[in-house]
Amino acid sequence: MTATAMTTTAMNAAAALPLLQVDHLSMRFGGLVAVDDVSFTAMDRQITGIIGPNGAGKTTVFNCLTGFYKPTVGRLALSHSDGREFLLERMDGFRITQHAHVARTFQNIRLFPRMSVLENLIVAQHNKLMRASGYSVFGILGLGVYRRAEQAAVERARYWLGRVGLTDRANDEAGNLPYGAQRRLEIARAMCTEPVLLCLDEPAAGLNARESEELNELLKFIRDEHKIGVLLIEHDMSVVMRISDHIVVLDYGRKIADGNPEKIRNDPTVIRAYLGEEEDETLPPEVARDLGVRG
Amino acid sequence: MAEATVNTSAAPAAATGARAHEPSFVYLVKDALATGAIALALAFPLVGFRTVDRGSTTIIETRFGQMFLGVAVIALGRFAFSLIDAGYARAILAGSGVLSVAWLLLVAVDPGGAAIFPLGWMSWMLVVSVALRAAYVSWGDRSEARGDAVSPGDRVAATVQRLAVFFGPVLLLFAIAMPLLPMADQRWVDLGILVLTYVMLGWGLNVVVGLAGLLDLGYVAFYAVGAYSYAIIAKTFGLNFWEALPMAGGLAAMFGVLLGFPVLRLRGDYLAIVTLGFGEIVRVVLLNWNELSNGPKGIGEIPRPSFFGMPFTPAPPQGVTSFHQWFSAHLWEIGFSPIQRAVYLYYIILLLALLTNIFTLRIRKLPIGRAWEALREDEIACRALGINPTNTKLTAFAIGAMFGGFAGSFFATRQGFISPESFNFIESAIILAIVVLGGMGSQIGVVIASIVLIGGPEWFRDLESYRMLAFGGLMVLIMIWRPQGLLAFREPTILLKPKAGPP
Ligand SMILES: Nc1ncnc2c1ncn2[C@@H]1O[C@H](COP(=O)(O)OP(=O)(O)OP(=O)(O)O)[C@@H](O)[C@H]1O
Ligand SMILES: [Mg+2]
């Protein structure tokens, strides 16, 4: 991977093709409307932030996108750069990753804790390896086809281990890693599925300032060097505001704002959503800092 | 079910299992008394009264003495457990340990001495369980304090696993040589066959339970399908053992897929209950479907295995050479002896078991094997990585069933007679116990557990009807202290080696 000469913004502007189109997405649980008629577009090679107070429906949007929930209403169209289009709301969960190449991480980390770090990354390349192992037949016989494919999988894993700084922990149990390392491993594992869209559910939760900074760099690297779209749910405003190209704000399941960070930062509806329905115009200092409001 | 688990809070669970609260003796005493009161309420009708037949009339006797003793024991036990949790584990451990050893010494000196303790063995068991709990708490706490340091159990398991590299081949050589040793009589060889059959069943079930983490309580169903398939195929089409074996295994695998398809959506306990039901259904069907299985009378005269077409019979029919005749003609003079067939059967099951083992060891390092383990660890994460959970589980089920079917075929040809009697739930329980006891996923653990549980019935025989009780008790203890199995130790299927070549 060589760095391109173009600046990030120039490249993003040049490559701003729609990757994911969410149309009128609604998700109801009995009487509760967790997501209510939300539409937005996520661009290829951009980071799209999804923010909103607790219970706003952010994770539910992800669960619809990745097939864990079947949306009550709505259309979720994913376009690959080769022109193929996938309607995610019609696909089974595992097929979305397998064919449409959407990968995700979880708000509460979901690694395979008793498997090694390397194994976590190899399992992520399951479908490719299954094919190479002739659905286990070549593998059992120990044919070279499979051994070469496994070697390639290890090399991919090695690359991502280097990226997230876990090379020297490759053979340790994933469950024994510190919290921040587990978060990074989960991102590396998602990247090993070779996604076109990476959905991250609060990846900075529980990280300290330095780790959070490293995460920013990693996400920018993924966007710029791997040229994929990233959907980012995040409570930590310092992360979202700084690295998102575009932000969608949800509140009580509804989309209340949509735009670039500058616009969101100054949007009165967003400020009010974070403040509650109070008429008070002055923000408490920590909210102001979170939102990055100046003055 | 899946949905509810996807979406849980990110907040790390706040200090679970904290025993931080100050122990208040008044509170603990009150708590113990309350427990005693509940026990009293239950014991009053259940223990307090007893109906006794006196000739023609039935009278009611009271047993308040025993009742109060029992209640006191429960309250005391509760108090001891609370003290352990309140941080007095060491003190309680010392006290109960001394008490239980003293008890044993007393009984050893004078067998009647136990009578001075109320409720006899019952109170001893209580003291011992208090001691075990105290030991667990004080050890458990220490290994927690050491951070991610390994617990003593893990260290033992790791050592055994490392020794298995040397120990395994020695065991294998012994298994190969055993029937040829001078001491090997019919009894030894038969016991060897029995142990190896369970080793094979254990290894087969280990794929399902140990690797894929699917708790299958009906494994005996596949054993039965294999046995009946073999019996029916061999008898109907006149095929020999080696021809009918793959078919029986294939049928069992198909059966595994058939059963697996509807039930594999269930998780954990639900899956266990449904597979238990399926195991029973198969047995009941075999019991009642007379046309196919000959019902409770079973199927007899199942073809016995022959050595490259040569039967093990004293006087073969015209034109057929029996094994001992061939052997005498080509190697050295032997007479007919039934042990020859037993030895041959022994080697068949040894071969089948080894095939199961090699297959399992290899498949564990393939994508499908890793996917099984990943599925055991976290099914939701697997789905998010594009792994098809249903197909993956089905292959585990089918492969486990296939090995069960092979073992069943072997059972049928060995016995020459099968009936539904042989495929009780208790068989499933024993096979599962072997896997769990040995350590889920541990191949050497299965061998050790089979030798102990099957080869050591002599050892348990003294306990007679208490055998099942001891068995159950052992399982409960293991589930409490080492739920992953005694020798569970997992080695990574692949290691990252430092990059070769110049930097
Ligand atoms: N499976 C479910 N069944 C019922 N209600 C659900 C389910 N999943 C989510 N909800 C509800 O939907 C609403 C939105 O939840 P969601 O998890 O999407 O919020 P969120 O924006 O991710 O919040 P947070 O910032 O706390 O993670 C909540 O009220 C939640 O209780
Ligand atoms: Mg959420």
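The values are calculated or read from the model by the stated rules, or taken from the named source; none is laboratory data. Owing to the predicted nature of the structure, the values given are computational and were not obtained by experimental measurement. When we count neighbours, we look across all protein chains shown, and the Cβ atoms used for this are built from the backbone with ideal geometry, even at glycine. Side chains included, ligands, DNA and RNA excluded: accessible areas come from the protein's heavy atoms. Shrake-Rupley method; radii C 1.70, N 1.55, O 1.52, S 1.80 Å.
For segment B:334-368, the set of residues classified as β-branched (Val, Ile, Thr) and either in contact with a Gly (Cβ under 6 Å, 6 or more places away or on another chain) or within 14 Å of chain A (Cβ to nearest Cβ) (or both) consists of B:Thr356, B:Ile358, B:Thr360, B:Ile363, B:Ile368, listed by residue number. Taken together, B:Ile451, B:Ile434, B:Ile494, B:Ile418 contain a single residue that is surrounded by 21 or more Cβ atoms within 10 Å (Cβ to Cβ), at pLDDT 80 or above, out of contact with any strand residue (DSSP E or B) (no Cβ under 7 Å at 6 or more places or on another chain) and aliphatic (A, V, I, L, M), which is B:Ile434.
Looking across segment A:201-213, not a single residue is touching a residue at least 40 places away in the same chain (Cβ under 8 Å) and away from chain B (no Cβ under 12 Å).
Taking segment A:66-80 as the range and being more than 12 Å from ligand 1 (Cβ to nearest atom) and within 11 Å of chain B (Cβ to nearest Cβ) as the test, the residues that pass are A:Thr66, A:Gly67. Exactly one residue among A:Phe62, A:Phe29 is of a type in the set (A, V, I, L, M, F, W, C), within 13 Å of ligand 2 (Cβ to nearest atom) and assigned by TED's automatic domain parsing to the domain that holds A:Asp236, and that residue is A:Phe62. Only one of the numbered conditions (1) open to solvent by 40 Å² or more (accessible area, probe 1.4 Å); (2) within 14 Å of another protein chain (Cβ to nearest Cβ); (3) within 16 Å of ligand 2 (Cβ to nearest atom) is violated by A:Tyr252, and that is (2).
With A:Arg75, A:Arg104 as the choices, which residue is surrounded by 24 or more Cβ atoms within 10 Å (Cβ to Cβ) and either on the phi > 0 side of the Ramachandran plot or among the charged types (D, E, K, R) (or both)?
Selected residue: A:Arg104, the only one of A:Arg75, A:Arg104 that is surrounded by 24 or more Cβ atoms within 10 Å (Cβ to Cβ) and either on the phi > 0 side of the Ramachandran plot or among the charged types (D, E, K, R) (or both).
Let me confirm something: among B:Phe79, B:Phe25, B:Phe64, which residue is aromatic (Phe, Trp, Tyr), closer than 20 Å to B:Val130 by Cα and surrounded by fewer than 13 Cβ atoms within 10 Å (Cβ to Cβ)? Just a single option satisfies the conditions, and that option is B:Phe25.
Look through segment B:194-246, keep the residues that are among the hydroxyl-bearing types (Ser, Thr, Tyr) and more than 26 Å from B:Lys365 (Cβ to Cβ), and return whichever of them is modelled with the lowest pLDDT.
B:Thr236
Set side by side, the residues A:Leu118, A:Leu88 differ, and just one is without any contact (Cβ under 8 Å) to a residue 60 or more places away in the chain, more than 7 Å from chain B (Cβ to nearest Cβ) and not small (Gly, Ala, Ser), which is A:Leu88. Considered as a group, the residues in segment A:24-44 that are buried (at least 23 other Cβ atoms within 10 Å of the Cβ) and away from chain B (no Cβ under 14 Å) include one that is farthest from A:Phe86 (Cα to Cα), and that residue is A:Val38.
All conditions in (1) away from every other protein chain (no Cβ under 14 Å); (2) within 14 Å of ligand 1 (Cβ to nearest atom); (3) in contact with a strand residue (DSSP E or B) (Cβ under 6 Å, 6 or more places away or on another chain) hold for A:Ala56, with the sole exception of (1). Quick check on A:Glu194: is it within 14 Å of chain B (Cβ to nearest Cβ) and within 16 Å of ligand 2 (Cβ to nearest atom)? Considered against the rule, which asks whether it is within 14 Å of chain B (Cβ to nearest Cβ) and within 16 Å of ligand 2 (Cβ to nearest atom), A:Glu194 comes out as no.
Taking the criterion of being open to solvent by less than 10 Å² (accessible area, probe 1.4 Å) and either at the interface with chain A (Cβ under 7 Å from one of its Cβ atoms) or over 15 Å from A:Ala103 (Cβ atoms) (or both), the residues of segment B:369-383 that qualify are B:Gly369, B:Arg370, B:Ala371, B:Trp372, B:Glu373, B:Ala374, B:Ile380, B:Ala381. Among residues of segment A:224-238 that are within 14 Å of chain B (Cβ to nearest Cβ) and over 21 Å from A:Gln21 (Cα atoms), those with a beta-carbon under 9 Å from a residue that is more than 13 Å from ligand 1 (Cβ to nearest atom) and polar (S, T, N, Q) at least six positions away or on a different chain give the pairs A:Asp236/A:Ser212.
Matching residues to (1) among the charged types (D, E, K, R); (2) surrounded by fewer than 21 Cβ atoms within 10 Å (Cβ to Cβ); (3) modelled with pLDDT under 90:
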site	(1), (2), (3)
A:Met115	no, no, no
A:Leu118	no, no, no
A:Arg148	yes, yes, yes
A:Ala152	no, yes, yes
A:Ala170	no, no, yes
A:Ala174	no, no, yes
A:Arg189	yes, no, no
A:Glu213	yes, yes, yes
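Residues in segment B:328-387 that are closer than 27 Å to A:Thr105 by Cβ and of a type in the set (Val, Ile, Thr): B:Ile368, B:Ile380, B:Ile387.
Only one of these conditions is not met by B:Val263: (1) at pLDDT below 85; (2) open to solvent by 10 Å² or more (accessible area, probe 1.4 Å). Which number is it? B:Val263 satisfies every listed condition except (2). Inspect all residues belonging to segment A:161-183 and state whether any of them is within 16 Å of ligand 2 (Cβ to nearest atom), outside the structural domain of A:Ser81 (by TED's automatic domain parsing) and of a type outside the set (A, V, I, L, M, F, W, C). Yes, that holds for at least one residue.
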